[in-house]
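Working notes, structure below.
Bear in mind that the values in this text are calculations on the coordinates, not laboratory data. Keep in mind it's a predicted model, so treat the numbers as computed, not measured. No Cβ is skipped: glycine too gets one built from the backbone with ideal geometry, and neighbour counts run over all protein chains shown.
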Amino acid sequence: MASDGFLYKYFMNNSGKVLHKWLNYFHVYETHFERFRGKAPVMLEIGVSGGGSLAMWKAYLGEGARIIGVDINPDCKVHEADGIEIFIGNQSDPRLIEEIFAKYPEIDIVLDDGSHLMTDLQASFAMMYPRISKEGVYVVEDLQTCYWDEYGGGLRRDGTFIEVIKGLIDELNAVYSRDALPVTPFTASTNSINIYDAVVAFEKRPQGRRQALVTAAMPV
């Protein structure tokens, strides 16, 4: 587990608001969120529920961090606190996304733990990924739903977020496709796609031209 395992320890010792997470996710969080600690990032989490995770992110990311929650349940507004703001609405609603980015134009971390519906996962990613900070991270969890009919999933079913990820792996490597695929804004802005058990983390970083070097012994 990255660094001091702060998030795991926080979770196991939580005596505050309800906090519901799979234990294997904590390594993913600390691997991809650690670099933002103490740097006053803006983090958006889709899915507020009991409010415990918003408090956890605030404690983890440190002073100056701004935490945004998104949920369809108006009752979730009760979880607002210093440095924590909650927007009520559907995660696939363009008007809601515009409202959020109008107030927070530089979002560094997005964590989608919302409806887990295939349509919502795709809509949120399409609207927000291009707009998060140039070296931000976008995490989608609970991808087991990509295999479940009730969420619009199914094994190798067109339109699931798992199938979207498979296509994005090709898009990430478009420069090597010998013009079979175009180089897209996603290609040019994405450093890595990190796939875990039921989680994916997209790491952004502006990309430059590729150059292969050769090293060998000096001829004498």
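One table, with the values for the structure above:
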{"item": "0 to 90° range, to nearest 10: angle between helix 94-103 axis and the chain longest Cα axis", "result": "90 degrees"}
{"item": "Local electrostatic count at VAL137 - Lys and Arg +1, Asp and Glu -1, tallied over other residues with Cβ under 15 Å", "result": "-3"}
{"item": "Residues ARG178, ARG66, ARG157, sorted so that the one with the fewest Cβ neighbours within 10 Å comes first", "result": "ARG178, ARG157, ARG66"}
{"item": "Contour minus Cα-Cα distance for SER15 and GLN211 (0.36 nm per residue)", "result": "65.3 nm"}
{"item": "Nonlocal amide H pairs with GLY16, under 5 Å, H built at 1.01 Å", "result": "none"}
{"item": "Euclidean distance of C-alpha centroids, the range 84-104 and the range 12-75, integer Å", "result": "17 Å"}
{"item": "Local net charge near PRO94, Cβ-Cβ under 15 Å (Lys/Arg +1, Asp/Glu -1)", "result": "-2"}
{"item": "The chain, relative contact order in percent, only Cα pairs under 8 angstrom and at least six apart counted", "result": "14 percent"}
{"item": "Residue order, fewest to most surrounding Cβ atoms within 10 angstrom, among LEU23, LEU121, LEU143", "result": "LEU23, LEU143, LEU121"}
{"item": "Rh (Kirkwood; distinct C-alpha pairs) - the range 24-135, Å", "result": "14.1 Å"}
{"item": "Range in the chain, longest, excluding exposed GluC sites (Glu not before Pro) [loop by DSSP; at most 15 other beta-carbon atoms within 10 Å]", "result": "136-220"}
{"item": "Candidates ILE86, ILE193, ILE165: whichever shows maximal mean-square fluctuation once the chain is modelled as a Gaussian network with Cα springs under 10 Å", "result": "ILE165"}
{"item": "DSSP bridge orientation in the range 6-204 - percent antiparallel, rounded to nearest 5", "result": "40 percent"}
{"item": "Inter-label distance for ILE169 and GLU85, nm, one decimal - labels placed 7 Å from Cα along Cα-to-Cβ", "result": "3.8 nm"}
{"item": "Rh by Kirkwood over Cα pairs, then Stokes-Einstein D for the chain at 0.890 mPa s and 25 °C, µm²/s", "result": "132 µm²/s"}
